[in-house]
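Data first, discussion second: the structure below is written as structure tokens.
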Amino acid sequence: MMQSLYTASTGMLGMQTQIDTTANNIANVNTIGFKKSRAEFADLMYSVMEYAGTATSDTTKSPTGIEVGLGVRPTAVNKIFSEGSLKQTDNQLDMAITGRGFFKLELPDGTEVYSRNGAFKMDDNGAIVNSDGYKLTPEIVVPEDSTNISVGTDGIVTVVLPGTTEATQIGQVTLTNFINPAGLHSMGDNLFVQTDSSGQPVEGVPGIDGLGTIRQGFVELSNVELVVELTDLITGQRAYDSNSKVITTSDEMLQTTNNLKR
């Protein structure tokens, strides 16, 4: 069997991974807080027919040798945490992070998860929650009939309580950072979970110790750039087609070889 058949098949599988990754990026171009991914690859082992430096005669040596590659494999699908552009919503509960950090949320089972999606609402108890009802933590509860909800760049939340005119602090939005955000596990719904690779969560006040700041009334859009993704899609498709042609050509060569035996 010709090695080129297997080599080209690894190329097709690799390009399928790239196209799948690109398709997911394009599908989430309008998803608030979404972070795009990039497929990364490495070449496989090499079949060494002749090592560099092998003697070719009593007085000469092979300067380069003969090494034939055996294909390619995906090594990672890396999450890119560059910032997306901000969109003004004028919703008092919407928040965008400018800089590093994640909002911390709590699932119903107590699991802590993290997100860049700052499109928040209030539940029936006045607690600030995301679109799925997961509470922002530390928990912030807006008192009933309070007005003028304000979130400072440092995350301090104030409201004007009924019967008063002065702002009263009701909570503090914190941000959480990781030494390796790309190591977070994506669980869908714009949520990430800590892993051994991400490192331990470091929680702090916005604007301090390298954390970003809060912009009230804004949300962070997806960081997907359609022009880049469509370019990647085209190059991936062409590479996939080229590898399929290698398989077709190798098959034709095998047929020619078989015909010689008749």
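Only the coordinates and a few stated rules stand behind these numbers; no lab work does. Just so you know, these numbers come straight off a predicted model, no measurement behind them. No Cβ is skipped: glycine too gets one built from the backbone with ideal geometry, and neighbour counts run over all protein chains shown.
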The size of the Cβ-based charge dipole (Lys, Arg +1; Asp, Glu -1) of the chain about the Cα centre, to the nearest 20 debye, is 1060 debye
Computed about the Cα centre, the charge dipole of the range 203-259 from +1 Lys/Arg and -1 Asp/Glu charges at the Cβ has a magnitude in debye, to the nearest 20, of 140 debye
The summed charge of the K79 Cβ neighbourhood (under 10 Å; Lys/Arg +1, Asp/Glu -1) stands at +3
Karplus ³J(HN,Hα) for the range 39-48 (6.51 cos²θ - 1.76 cosθ + 1.60, θ = phi - 60°; Hz, whole; x = Gly/Pro) runs 7, 10, 9, 9, 6, 7, 5, 10, 8, 9
Once phi for every residue in the range 66-81 is put through the Karplus expression 6.51 cos²θ - 1.76 cosθ + 1.60 (θ = phi - 60°), the whole-Hz ³J(HN,Hα) values, with Gly and Pro written as x, are 10, 10, 10, x, 10, x, 9, 9, x, 10, 6, 10, 8, 7, 9, 9
Mean-square fluctuation maximum in Gaussian network of the chain, Cα pairs under 10 Å, restricted to S244, S222, S37, hits S244
Full extension between S197 and K79 adds, at 0.36 nm per residue less the Cα distance, a length in nm of 41.2 nm
Ranking P138, V219, M122 by how far each Cα lies towards the positive end of the charge dipole of the range 86-220 (+1 on Lys and Arg Cβ, -1 on Asp and Glu Cβ), the top one is V219
For the range 107-189 the GluC sites (Glu not before Pro) that pass both the DSSP coil test and the at-most-16 other-Cβ-within-10 Å test are E139, E144, E166
Rounded to whole angstrom, the alpha-carbon centroid of the range 11-39 lies from that of the range 185-235 at a distance of 15 Å
Diffusion coefficient in µm²/s returned for the chain by Stokes-Einstein, Kirkwood Rh over C-alpha pairs, 20 °C and 1.002 mPa s, is 96 µm²/s
For the range 86-220, the Cα-Cα pair-distance distribution in 10 Å bins from 0, as whole percents, is 13, 44, 33, 9, 1, 0
Taking the chain, the lysine pairs whose C-alpha atoms sit under 19 Å apart (8 or more places apart or on different chains) add up to 10
Across D124, D251, D94, the residue with the highest GNM fluctuation in the chain (Cα network, 10 Å cutoff) is D124
Contact order relative to length for the chain, counting C-alpha pairs under 8 Å separated by 6 or more residues, stands in percent at 26 percent
Charge tally for neighbours of A39 with beta carbon under 10 Å away, counting Lys, Arg as +1 and Asp, Glu as -1, is -2
Expressed in nanometres to one decimal, the distance between label points 7 Å along Cα→Cβ at V228 and S242 is 2.2 nm
GNM on the chain, Cα springs under 10 Å; top mean-square fluctuation among R100, R238, R215 goes to R238
Here, T153 and L254, labelled 7 Å along Cα→Cβ, have an inter-label distance in nm of 6.5 nm
For the S9, A55 Cβ pair and Förster radius 41 Å, calculated FRET efficiency rounded to 0.05 is 0.70
Net charge near N117 (other residues with Cβ under 11 Å of its Cβ; Lys, Arg +1; Asp, Glu -1) is -2
